[in-house]
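Notes for the one structure printed next.
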Amino acid sequence: MSAKSSSVKVLPVLFGFFVMGFCDVVGIATSYVKQDFKLSETVAGFIPSMVFIWFLLISVPSAMWMNKVGRKTMVQLSNAVTFVGMLIPFVHYGFATCMAAFVLLGVGNTMLQVSLNPLLTNVVSGARLTSMLTAGQVIKAVSSFCGPFIAAFAVSVFGEWRYLFPIFAAVTLLSMIWLMFTDVKRETVSSETSSSGAVFSLLKDRTVLLLFLGIFFVVGVDVGTNTLAPKLLMEREGLAVDQAGLGSSLYFVCRTAGALIGSVLLAKVSDVTYFRANILVAMAAIVALAFAGNTAMIMVIIGCIGFFCSSIFSVIYSQAMKSRPDKANEISGLMIMGVSGGAVIPPVMGLLTDLIGNQTGSVIVIAVCIAYLTFCSFWLKKA
């Protein structure tokens with residue numbers, strides 16, 4: 001395959017990562033919905049769960065279904081679900097319709113992450129997989145970074161943040177059309193269709209289990225930090241919600257920069273060495289965040305967490321795919337099921353925050369997640 005024809009096939013697949021980033025808008029959306037409907041921290045903590053709980057419930061069924069319909073078809077189905085979800089709160093804005101939109105966003109995003117990551121293997125060589133996955137995370141991070149700015153733009157121009165939803169719907173439709181007209185050769189699928197029991201039995205492999213939990217906690221750190229950033233700025237510095245949203249934007253700017261640099265460095269250095277070096281810095285940053293007392297310090301530390309955790313998902317995911325290449329779809333389903341950490345961690349953060357009385361509770365929960373990832377990095381190095 002020539003470089004030109006390869007790029008023609010890779011670009012629409014990579015563009016799908018931009019749609020994948022829409023799920024991260026739940027970070028700033030939580031602050032807006034909490035304010036609009038006067039919610040407690042505990043109740044608001046469950047809003048991200050509306051998006052991320054589906055990674056727990058339907059990742060494995062999606063992987064099994066993908067064996068039948070193919071990866072490209074599954075990506076297109078996910079785009080259709082996301083498109084419909086993004087129209088709902090624009091048609092009628094209420095707490096119930098917002099939750100319905102987040103549910104469909106979560107369902108669509110689950111199907112997309114299960115299918116889009118392995119679809120990359122249809123258009124790039126295995127040796128470039130980690131680097132290309134990280135490039136996809138760069139695009140996802142750019143999308144995540146744009147979310148708070150689009151929300152702030154919608155508020156300033158249209159008076160309501162919900163006008164970001166039709167913009168997301170239009171981009172999703174563009175991604176669907178672009179991929180539709182791209183010829184991606186369907187993967188060869190084994191005639192034996194794995195049962196759910198067979199898929200879950202892969203967790204008996206100690207490495208697969210370790211990496212599954214790694215995905216669970218790194219997504220917990222990602223969603224948790226994204227959600228925490230504006231809340232921490234509002235609590236400690238008294239900023240308004242639209243101003244505090246810059247904390248989320250800075251987080252995604254730094255995550256984008258980290259993923260971009262990681263996509264280059266991971267082509268030259270060991271995945272696991274890179275993982276270990278970055279997570280140790282992130283551990284130091286989250287400890288410092290517990291004591292940060294001014295806007296500048298909070299923003300710098302939030303940025304550090306985004307930067308140094310940016311490539312960890314790609315490293316863990318690629319390590320899992322390489323461990324069992326014969327079960328790529330099933331492994332993808334399991335790893336994406338681990339994204340349900342984004343549903344579990346924020347409610348725990350909200351509960352501990354209400355118990356303690358401030359956002360230090362959320363910082364503690366994120367610190368526990370990073371501590372596990374530190375253990376994971378050293379275990380992989382030993383292995």
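The values are calculated or read from the model by the stated rules, or taken from the named source; none is laboratory data. In this text the structure is predicted, and so the values were computed from the model without any measurement. Every residue, glycine among them, receives a Cβ derived from its backbone with ideal geometry; neighbour counts consider all protein chains shown. Protein only, heavy atoms only, side chains kept; ligands, DNA and RNA dropped before computing areas. Shrake-Rupley method; radii C 1.70, N 1.55, O 1.52, S 1.80 Å.
Brief remarks on what is shown
- Annotation: of all residues in the range 69-121 being in a loop (DSSP other than H, G, I, E, B) and open to solvent by 20 Å² or more (accessible area, probe 1.4 Å), the one that is nearest to Arg162 (Cα to Cα) is Tyr93.
- Residues of the range 257-302 satisfying the condition of being basic (Lys, Arg), without any contact (Cβ under 8 Å) to a residue 24 or more places away in the chain and part of a helix (DSSP H, G or I): none
- Single match in Gly45, Gly16 (criterion: touching a helix residue (DSSP H, G or I) at 6+ places or on another chain (Cβ under 9 Å), surrounded by 20 or more Cβ atoms within 10 Å (Cβ to Cβ), small (Gly, Ala, Ser) and over 18 Å from Leu228 (Cβ atoms)): Gly16
- For first residues located in the range 152-166 and surrounded by fewer than 18 Cβ atoms within 10 Å (Cβ to Cβ), partners that are of a type in the set (Phe, Trp, Tyr) and not in a helix (DSSP H, G or I) and lie 6+ apart or on another chain with Cβ distances below 9 Å form the pairs Glu160/Tyr93.
- Selection status of Gly147, without any contact (Cβ under 8 Å) to a residue 40 or more places away in the chain, more than 17 Å from Gly338 (Cβ to Cβ) and open to solvent by less than 10 Å² (accessible area, probe 1.4 Å): no
- Any hit, the range 323-331, residues being farther than 16 Å from Thr227 by Cα, at pLDDT 90 or above and open to solvent by 10 Å² or more (accessible area, probe 1.4 Å): no
- Failed criterion for Ser377 (all others in (1) touching an Asp or Glu at 6+ places or on another chain (Cβ under 8 Å); (2) in a helix (DSSP H, G or I) hold): (1)
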